[in-house]
Amino acid sequence: MVRSQVVKPRRVNVTPWVILFGVVALIAARVVYLLSTGTYELAFFAGALLSALQLGSLYALIALGYTLVYGIIRLINFAHGEVFMVGAFASYFLFANTPYALPWAVFTAGIASAGLMYALNLWRGKLSDPVVLVGGVVGFAGITYALSVASLGWIWAMVLSMLVTGVVGILLDRIAYRPLRGAPRISLLITAIAMSFFMQNAGLLLFTRNQTPFRPETSWTQFLQFPLAGSTVYTSRMVVLIPLVTLLLVTILTLFVSRTRLGKAMRATAQDPEVAQMMGVNVDRVIATTFFLGSVLAAAAGVLWGLNFGSLTQPAVFGLLPGLKAFAAAVIGGIGSLPGAVIGGLLLGFLENFVPALFSGVTEYKDTFAFFLLIIILLIRPSGIIGEDLSEKV
Amino acid sequence: MKRTVGLALFALGAAFAQEPVVVGVNLELSGRLVSLGTPELEGMEAARAQLGEVLGRPIEFSVCDNASTPEGSVACANRFIDEGVVGVLGTGGSTQAIPAAEVLQEAGVIMITPSSTNPATTQVGDYIFRVAYNDEFQGEIAADYLYNDAEARRVAVFRQQDDDYSFGLAGFFEEAFVALGGEVVVVDYTGGTVDFAAQVNDVRAFNPDAFYTPGFCPELAALLPQLRQQGFADQLIMGGDGSDDAQCPDGGGEVFNGYRFTAFAEPEQLAADPEAAERAEAFRTFFEENQPDGTFNGFTLSGADAYNVLVAAIEAAGSVEPAEVQAALAELTDYPGVTGAITFAGTDGTPANRIMGFFEYQVPAETEAGWAKAQLEGLTRTFGE
């Protein structure tokens, strides 16, 4: 997202391309070799590649939240994994426990319609716009009605959970981070870690302490098997849904950042918050918007994650490892860069689910791959694969 | 005046005599193994409600939640040492038990674990006891069952590499199954894993005809659906006593239909020892009144017996000095427990006559209907025979 406006003489650097081509060639050679031994079939690698795409898309969605926030306020938001957790559990309670009693419906609809107003304001540009106000009122009435009479399908649960989690993200910024604007960056970082712990334990208190089933009625989770080169590829319909939703959300996000007034304000703030403020940009609102967007994406990832794996681990650990890995993905791709986060996420998915298929006996180490790659990237290219040059920021 | 002072002193003395005996309870009451620690605590509470006094003094629990982590468990152990408790009951899992055992052994405090089955736990020292069988036995029985009854020859084992229970049990199973003439491939995962795509791919080339999953439910609930989805639709999947946890069928759903596991016996399965079966049945009746919201399973019975043997040893020693109670425990013979007769004399702290039952989850296809845990008729094994 943070694209420097300073035009620099373009230097064509061939080294990355040579490395990329080399790695791809090595992998292809390994696949061909394994196929020639006869133990493995093409379908096996196809299945592994599909599951890599599934996982990678999920990581990408979470990583976008890290990169958005970092791009604007230079904060590694360690509570982002917990925002992801809130999204998943919010949607679970929406589709599994509706219809709600009226007070609950009003409460939830209140939060969700606040989120809806915020989402509309991204398009209209200000909160006091009539469209936003009308949308909020209509949304509140509609959501209250829907929640109190009917059981929600997972898609509506996902949309509402995204709105609710967006509001949680804004509150996170308002309560924990905004009072620390201008404080040393280390204070913010420590606060983020504290918020992470706080939300983990709040989740244990408010949601559940147990493994939670996540099986809404949908045909998307059905198994999918198709023949390939004389064998069968085993996967589920999620392999279509997850990348599709990711693509859709990333497209919307990119359009928002590049085409709207608020998006332009975000880019300006990313470049230099002080100057942006002098130019009349409401920096606090831009930051709140950033948290809203990141949290909405994280909630979508949480719902897809639950659908894909069929159950949610208990709140204290649910967001921990996915959050850390997505953070690694964001840094690997180049923190602060939107395409970087997507590339980093996909790369991690590929590393975790495809590479173990190539080499036997490495599966048990796959949780370390993300961090191993992180170290390598930090050593040889600290700004990430397509990240900005950090030196110009200092 | 003098008489009043004398009376006051006497009253004070009586109050001192009534000073409670404090027993530490170190269990998984939150975190990933909460549904293992909770029934054990409920069992202990029910047993204390039955018999809450020893040597004329009331017994009090000092309950410490180890949050299902080894660090938490060690912190609890240190707290108990500071409090000067006579003994510690717990923990539920071996990963939590072994480090706590090391701390308590060093300090000379008794520890009785209801359900840590890794042999290493009681081998830490002479102050550490358990009322469970060990995994050498459990792994061997599982291997025997899969090889002889289920007629599996190629078994894929999913092992949680960062858990002492899972790691140990997988090892004993592999040893026994290979000795029987079968083939085993072991695939590792770490705690908290939800994406098993790579692990499942690892066993595809091996083409197993059964699976053994000696782990815990937070991971198994995610593993099983992926196994079934990835083309292993009909193979028998079997687990250990870590699967005796509602989080498995609740979290995983329909795929747990037909999932089998070995676990601590329930009252009906104690038929090999009719008197124990009677005691267990009586305890169940009492438990259901005393803990109406409690979970009753093999862990509950085990928790109760961990408490019972400690009280019996204090009674026998006639003292709350840990060294004397330890000596009485080490001499304990044929204590009539609700899990069977318990004898510590001449063992490493693992009593014989432990009865293990076989279970199967039955999960109907309709999401509305609940699941059931069925005991497999006639399938029980006794440890130490």
Checklist entry - Can you name every residue in region A:179-216 that is farther than 28 Å from B:Gly37 by Cα and either of a type in the set (D, E, K, R) or within 14 Å of another protein chain (Cβ to nearest Cβ) (or both)? => result A:Arg181, A:Arg185, A:Pro216
Checklist outcome for this item: For region A:219-228 the number of residues that are within 12 Å of chain B (Cβ to nearest Cβ) and among the hydroxyl-bearing types (Ser, Thr, Tyr) is 1
Checklist entry - Restricting to strands (runs of 3 or more DSSP E) lying wholly in region B:185-290: which have 1 or more residues that are modelled with pLDDT of 90 or more and out of contact with any Asp or Glu (no Cβ under 9 Å at 6 or more places or on another chain)? => result B:210-213, B:236-239
Checklist entry - What are the residues in region B:87-144 that are closer than 16 Å to B:Ser68 by Cα and among the small types (Gly, Ala, Ser), if any? => result B:Gly90, B:Gly92, B:Gly93, B:Ser94, B:Ala97, B:Ala100, B:Ala101, B:Ser115, B:Ser116
Checklist entry - Across region A:229-253, which residue is surrounded by the fewest Cβ atoms within 10 Å (Cβ to Cβ) among those that are more than 13 Å from chain B (Cβ to nearest Cβ) and at pLDDT below 85? => result A:Gly230
Item to check | helices (runs of 4 or more DSSP H) wholly inside region A:20-126 that include at least 3 residues being more than 14 Å from chain B (Cβ to nearest Cβ) and among the β-branched types (Val, Ile, Thr) | outcome: A:42-73, A:102-124
Next on the checklist: With the requirement that a residue be part of a helix (DSSP H, G or I) and either surrounded by fewer than 22 Cβ atoms within 10 Å (Cβ to Cβ) or small (Gly, Ala, Ser) (or both), what does region B:146-171 give you?
Outcome noted: B:Tyr147, B:Asn148, B:Asp149, B:Ser166, B:Phe167, B:Gly168, B:Ala170, B:Gly171
Item to check | Filter result for B:Glu136 (without any contact (Cβ under 8 Å) to a residue 40 or more places away in the chain and either within 29 Å of A:Asp367 (Cβ to Cβ) or in contact with a Phe, Trp or Tyr (Cβ under 6 Å, 6 or more places away or on another chain) (or both)) | outcome: yes
Checklist entry - Looking at B:Gln199, B:Gln247, B:Gln269, which is the one that is over 23 Å from the mean Cα position of the chain (by Cα) and touching a residue at least 24 places away in the same chain (Cβ under 8 Å)? => result B:Gln199
Checklist entry - Which one is nearest to B:Ala263 (Cα to Cα), of the residues in region B:121-145 that are part of a loop (DSSP other than H, G, I, E, B) and among the small types (Gly, Ala, Ser)? => result B:Ala132
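This table checks each residue for (1) out of contact with any strand residue (DSSP E or B) (no Cβ under 7 Å at 6 or more places or on another chain); (2) within 10 Å of another protein chain (Cβ to nearest Cβ); (3) among the small types (Gly, Ala, Ser).
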| position | (1), (2), (3) |
| --- | --- |
| B:Thr213 | no, no, no |
| B:Glu219 | no, yes, no |
| B:Gly231 | no, yes, yes |
| B:Pro274 | yes, no, no |
| B:Pro292 | yes, no, no |
| B:Leu301 | no, no, no |
| B:Tyr307 | no, no, no |
| B:Leu310 | no, no, no |
Item to check | Per-region count, region B:192-210, residues more than 7 Å from every other protein chain (Cβ to nearest Cβ) and either of a type in the set (Gly, Ala, Ser) or in contact with a Phe, Trp or Tyr (Cβ under 7 Å, 6 or more places away or on another chain) (or both) | outcome: 2
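One line per residue, one yes/no per condition, for (1) of a type outside the set (A, V, I, L, M, F, W, C); (2) surrounded by fewer than 22 Cβ atoms within 10 Å (Cβ to Cβ); (3) assigned by TED's automatic domain parsing to the domain that holds B:Ala152:
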| site | (1), (2), (3) |
| --- | --- |
| B:Gly191 | yes, yes, yes |
| B:Asp202 | yes, no, yes |
| B:Leu220 | no, no, yes |
| B:Gly231 | yes, yes, yes |
| B:Gly242 | yes, no, yes |
| B:Gly251 | yes, no, yes |
| B:Tyr259 | yes, no, yes |
| B:Ala277 | no, yes, no |
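The values are calculated or read from the model by the stated rules, or taken from the named source; none is laboratory data. Remember, it's a predicted structure, so these values are computed and weren't measured experimentally. For neighbour counting, all protein chains shown are included, and Cβ atoms are generated from backbone atoms with ideal geometry for every residue, glycine included.
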